[in-house]
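The values are calculated or read from the model by the stated rules, or taken from the named source; none is laboratory data. Everything numeric here is computed off the predicted structure, so don't read it as measured data. So basically every Cβ, Gly included, is an ideal-geometry build from the backbone, and we count neighbours across all protein chains shown. Please note that ligands, DNA and RNA were not included when accessible areas were found on the heavy atoms of the full protein model with its side chains. Shrake-Rupley method; radii C 1.70, N 1.55, O 1.52, S 1.80 Å.
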There are 2 protein chains.
Amino acid sequence: MFLSTTTNNLDAKGRVSVPSDFRAVVGDGAFDGIVLWPSFDGDYLEGGGLALMQEYLDSLETMDHYDEGRMALQRAIFAESRKLSFDSGGRVTLPKDLAEYAGLNGRATFVGLGRRFEIWSPESYESHIGDVRRLARENRNRLISLRRRNGSEGAR
Amino acid sequence: MFLSTTTNNLDAKGRVSVPSDFRAVVGDGAFDGIVLWPSFDGDYLEGGGLALMQEYLDSLETMDHYDEGRMALQRAIFAESRKLSFDSGGRVTLPKDLAEYAGLNGRATFVGLGRRFEIWSPESYESHIGDVRRLARENRNRLISLRRRNGSEGAR
DNA sequence: CCATGAAATCCCATGTTATCCCATATTGGG
DNA sequence: CCCAATATGGGATAACATGGGATTTCATGG
């Protein structure tokens, strides 16, 4: 599970250290690295491990093969994504176009969101989350009522 | 899993370098190469490894033997497909008719879409995906809601 | 059956850049 | 305070994409 928010340096070669606990999340041995793609929902990158990509693929496979919406999702995620391997220091080299898409300038903020994470420029993220606590408070009942509805959830 | 979008040169002999990570996807030892066919959904080629062809075959086998639609799919994919081996540099030689079908002119864009990939001319693909981000945004809830429905996902 | 020509396949070489390797600085926990 | 883990920076090497030529294979015609 991707948790926490961390800001690391993006060096002159385009390398950035992926937070070590994120690395642990995706490290299942088959592929040591992450998958990133430009979000279609804003100026940031989205990412995860191959397991997330498999989940998305399974989800897409339940839709009609050439359904327009499906194809759009598939292109926006799979065709746009980049598979980035870790170097010995746990860094990945961000392709220039991805760094530019997210407006990254020497620093990158990793935002853990459970199954996936996001990468923002620190300043963009700062202004994006300006009101996140107020919004969260306004929507807190949605979390609670979902738990009630699935009444047998139990504690993990 | 085929991921990313890469554009490589198509040389005077019709050879094009298949992106190395695509090569890794199909490299199960039995056959070092790809299978391509002209898409019936547009001016591009579709492709994958032998494993994909087996999946399609298994899927077709669940249909009635002489079902008209089945036969059409079978002909459009299997009868039209070409099995292309990699040379020592990981290239395949595109048959002229396939290159012409996709309007390829010196360059070919490989589009990874998970289980299969597509090959487009760069200009065609560029104009085709003009609105893909908007369409993906409009359809994003389809991806999310499917995950909710499969409620046993569990955290790592 | 044999000869020939065209196409497919194989082989070699080169330049660029992605990946690998090593070292140092910083940080957090015992 | 010390040590181990993590983040950071620089240089070297290997892999990948590209181009050209040689050899082998296959199809065709006599």
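Restricted to segment B:73-101, and to residues that are β-branched (V, I, T) and in contact (Cβ under 8 Å) with a residue 60 or more places away in the chain, which residue is farthest from B:F22 (Cα to Cα)? Lay out the reasoning, then the answer.
Start the filter on segment B:73-101 by keeping residues that are β-branched (V, I, T), which leaves B:77, B:92-93.
Filter once more, keeping what is in contact (Cβ under 8 Å) with a residue 60 or more places away in the chain: B:92-93.
Details: B:V92: 12, B:T93: 16 Å.
Filtering first and then ranking leaves B:T93.
Using the structure shown, decide if B:V35 is more than 11 Å from chain A (Cβ to nearest Cβ), away from DNA strand D (no atom under 14 Å from the Cβ) and either touching a Lys or Arg at 6+ places or on another chain (Cβ under 9 Å) or of a type in the set (A, V, I, L, M, F, W, C) (or both). If you could, list the steps in order and put the result at the bottom.
On the way: more than 11 Å from chain A (Cβ to nearest Cβ): yes; away from DNA strand D (no atom under 14 Å from the Cβ): yes; either touching a Lys or Arg at 6+ places or on another chain (Cβ under 9 Å) or of a type in the set (A, V, I, L, M, F, W, C) (or both): yes.
So B:V35 fits the description; yes.
When A:G27 is tested against (1) open to solvent by less than 60 Å² (accessible area, probe 1.4 Å); (2) modelled with pLDDT under 90; (3) away from DNA strand C (no atom under 15 Å from the Cβ), only condition (3) is not met.
Would you confirm whether any residue within segment A:39-50 is within 16 Å of DNA strand D (Cβ to nearest atom), under 15 Å from A:F110 (Cβ atoms) and small (G, A, S)? Scanning segment A:39-50 turns up at least one residue that is within 16 Å of DNA strand D (Cβ to nearest atom), under 15 Å from A:F110 (Cβ atoms) and small (G, A, S). The requirement of being of a type outside the set (S, T, N, Q), open to solvent by less than 20 Å² (accessible area, probe 1.4 Å) and within 9 Å of chain A (Cβ to nearest Cβ) is fulfilled nowhere in segment B:88-100; no residue meets it.
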